[in-house]
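Everything below concerns the one structure shown next.
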Amino acid sequence: MTGPRRRRAFLAVLAVLMVLLASCAQIPRSGPVGKSKDEGAGNPNAPVFFPAAPRAGSSPETVIEDFYMAGSGYEDDYPVARQYLTQAQSVTWKPDKRAIVFREAQVVKSAGENEYLYELDVAYSVDADGVATQFPPGTKETIPLTLEQVEGQWRISKVPDGTAIPEETFKVIYGAFPIYFYDPTFTYAVPDYRWFIKKNTVKSMTSAVLAGPAPYLRGAVVSAFPSGMKLARESVPVVSGSAQVDLSAKELFDASAEDRQRMQNQLALTFRDQPDVINVQLRADQDLVRVEDNGTVLPPVVDKSVPARQIAVSNGDLVRYENNRMTPLPDMQPVSGLGPHSPAESPVSQTAAFLNGDKTTLYAIEPGQPARQLTTRSTLTGPSFSPHDWVWTAGPGANGAAEVVAFKPTGVAPGMAIPNVTLTPAWLSGRTVKDFRVSREGTRALVISQANGKSTVQITGIVRNADGVPKDLTAPITLVSSGSVDQGVWVNSSTVAVMSGSASGTVVPELLSLESGEPQQLAPWDGLTSLSAGNGSEQIYGQSEDGVFQRVGNGWELQLKGPTEPAFPG
């Protein structure tokens, strides 16, 4: 379908868009607990599409186009879309298996009799658990279809499971929602963003939590729910503000009191933005299971914050930059002879790290001790600390392959070996790592790499042994940026700021979010060479030869001239 034709079709669909009443969803207030037929909450104002039914005399091409447009009519299990299928295919077609979101689409005749291809420029692919994969413009996918005539009308007799909908429709019907898991110590909550139809999200969220984390987080995070635990019924009703989660009884009763508390906390976090959910009830065979809070289980930290101070370089030495003034680092020996660059500070101790002048050697320093050399390579990324006091960097190994290395220098006596780990993930093969930044809760890392002149922004999970020692990086997800980038920082638990630094050109930083596929461009500024970020998008700092600037509204405001390469702890 051509662009104008697709847009006309979309406008025709919008013409029959009906929005639910603004009042809250009707919740049964009487009858046996657990017998409510309410499918669970979501957005009671979520739009409902009423797509067009098949038209007599439509060509095969029109039937295919209208069938996929009817994928917007999700209520009651896609009844209109099924009318475009033969009776046999209508019974077996599973629309919830996958949603392909396209920018442009066209129908092409293929070689076989009555066989066609639906050719798509794909923007996203969303699997049955709501895990979305972003694709840059120009990414192609084809869907094969076979048609036959039924009582003189063309109907689809063979089609893969799943739907394909225009990007504009997708943004109206679907929303990005965080479900939550834990770091392995159960200290921090880690968001795992999924895309669900907005109408009935509580059931979708619950099923996704029970199914476990997205592939890029598997092994890096943990769940309070054991593998194999299922919903005992195919709904999660919300009655008087309580989400009633009916679970398989054996696994629930086998769990410890602490585990049940963590289960309830995990679901409460997951549902916290659902307007009609106030609390969570765990149930077994529809009977309430009381969760005892004996004070041993603390709620996890959500969106971990960083201290307000920054570490920076001034007059060739490390300094603290806070409240728009500089002070010496407490009890730190001078390192000006090493030409420090790209400084970093631990969020949990006073350990600092930095690169030397040509950015080939990584050093760590603690109060009262001289700097210690950790590694030397032909080039290194700026150091980044996790809350476990491991400091990370990346650079080529002896054979030139990309390696990610981590050291734990804190508390190691002078002359003693510093624990370290070298990781060589296969997905970095042939790539040059430009930046590596650990997330605030320590379970993920932002990785910016380049190959053949093209940069890629990815989020990977950090897998650790039982003793907390890093052992692997998961296959990552990719965030789509508008252009080439070579550095980035975490802004909060779901957003990173990235840019390509330039001392002489105009730089346009961007915000990339796990909850949105659209990069958000910040105000352009000349000569930005480094970025730092505190707690949220209003605490983003950029540095140029004119000084340190803070993002204010839709612009940049000079803070202080003197410090360079400021960085918040982490």
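The values are calculated or read from the model by the stated rules, or taken from the named source; none is laboratory data. Here the structure is a predicted model, which means the values were calculated and not measured. FYI the Cβ positions are ideal-geometry reconstructions off the backbone, even for glycines, and counts take in every protein chain you see.
Observations on the model:
- Flag for residue 509 being out of contact with any Cys (no Cβ under 8 Å at 6 or more places or on another chain) and either surrounded by 21 or more Cβ atoms within 10 Å (Cβ to Cβ) or without any contact (Cβ under 8 Å) to a residue 24 or more places away in the chain (or both): yes
- The one condition in (1) in contact with a strand residue (DSSP E or B) (Cβ under 7 Å, 6 or more places away or on another chain); (2) of a type in the set (S, T, N, Q); (3) closer than 27 Å to residue 315 by Cα that residue 495 fails to fulfil: (3)
- For the criterion of being exposed (fewer than 13 other Cβ atoms within 10 Å of the Cβ), basic (Lys, Arg) and within 26 Å of residue 190 (Cα to Cα), residue 325 fails.
- Pair list, Cβ under 7 Å, 6 or more apart: region 306-329 residue without any contact (Cβ under 8 Å) to a residue 12 or more places away in the chain, other residue surrounded by 15 or more Cβ atoms within 10 Å (Cβ to Cβ) and of a type in the set (Val, Ile, Thr): 320/311; 327/319; 328/319
- Meets criteria (touching a residue at least 60 places away in the same chain (Cβ under 8 Å) and not polar (S, T, N, Q)) for residue 427: no
- Selection within region 381-415 - farther than 30 Å from residue 305 by Cβ and either out of contact with any strand residue (DSSP E or B) (no Cβ under 9 Å at 6 or more places or on another chain) or of a type in the set (Phe, Trp, Tyr) (or both): 398, 399, 400, 401, 413, 415
- Set side by side, the residues 482, 439, 455, 449 differ, and just one is on the phi < 0 side of the Ramachandran plot, touching a strand residue (DSSP E or B) at 6+ places or on another chain (Cβ under 7 Å) and modelled with pLDDT under 95, which is 482.
- In region 130-143, the count of residues that are of a type outside the set (Ser, Thr, Tyr), under 30 Å from residue 258 (Cα atoms), outside the structural domain of residue 443 (by TED's automatic domain parsing) and within 21 Å of the chain's Cα centre (by Cα) is one or more.
- Qualifying residue in region 113-124 (condition: part of a loop (DSSP other than H, G, I, E, B), without any contact (Cβ under 8 Å) to a residue 24 or more places away in the chain and under 18 Å from residue 147 (Cβ atoms)): yes
- Per-region count, region 141-165, residues buried (at least 17 other Cβ atoms within 10 Å of the Cβ) and either outside any strand (DSSP E or B) or of a type in the set (A, V, I, L, M, F, W, C) (or both): 9
- Qualifying residue in region 1-12 (condition: more than 33 Å from the chain's Cα centre (by Cα) and either at pLDDT 60 or above or outside any helix (DSSP H, G or I) (or both)): no
- Of residues in region 264-280 being without any contact (Cβ under 8 Å) to a residue 40 or more places away in the chain and out of contact with any helix residue (DSSP H, G or I) (no Cβ under 8 Å at 6 or more places or on another chain), the one surrounded by the most Cβ atoms within 10 Å (Cβ to Cβ): 264
- Where residue 300 falls short, out of the listed (1) touching a residue at least 12 places away in the same chain (Cβ under 8 Å); (2) surrounded by fewer than 20 Cβ atoms within 10 Å (Cβ to Cβ): (2)
- Of the residues making up region 84-94, those that are buried (at least 16 other Cβ atoms within 10 Å of the Cβ) and in contact (Cβ under 8 Å) with a residue 60 or more places away in the chain are 84, 85, 86, 89, 93.
- Scanning region 246-277 for residues that are of a type in the set (A, V, I, L, M, F, W, C), more than 22 Å from the chain's Cα centre (by Cα) and over 18 Å from residue 199 (Cα atoms) turns up 247, 249, 252, 253, 255, 257.
- Verdict on residue 265 being closer than 18 Å to residue 203 by Cα and out of contact with any Gly (no Cβ under 8 Å at 6 or more places or on another chain): yes
- Residues of region 232-263 classified as free of Cβ contacts under 8 Å to residues at least 60 places away in the same chain and hydroxyl-bearing (Ser, Thr, Tyr), total: 3
- Residues of region 243-263 that turn out to be surrounded by fewer than 18 Cβ atoms within 10 Å (Cβ to Cβ) and small (Gly, Ala, Ser), as a count: 4
- Test: residue 88 is assigned to a loop (DSSP other than H, G, I, E, B) and either over 30 Å from residue 191 (Cβ atoms) or touching a Cys at 6+ places or on another chain (Cβ under 8 Å) (or both): no
- Any pair with Cβ under 8 angstrom, 6 or more apart, that starts in region 203-220 at a residue that is on the phi > 0 side of the Ramachandran plot and ends at one that is modelled with pLDDT of 95 or more and not in a helix (DSSP H, G or I): 212/218; 212/223; 219/461; 219/463; 219/472; 219/474
- Test: residue in region 49-72 that is touching a residue at least 40 places away in the same chain (Cβ under 8 Å), surrounded by 20 or more Cβ atoms within 10 Å (Cβ to Cβ) and assigned to a loop (DSSP other than H, G, I, E, B): yes
- Of everything in region 322-380 that is in a loop (DSSP other than H, G, I, E, B) and in contact with a helix residue (DSSP H, G or I) (Cβ under 9 Å, 6 or more places away or on another chain), the residue that is farthest from residue 432 (Cα to Cα) is 371.
- Pick from region 130-144, criterion in contact with a helix residue (DSSP H, G or I) (Cβ under 9 Å, 6 or more places away or on another chain) and not small (Gly, Ala, Ser), ranking: modelled with the highest pLDDT: 143
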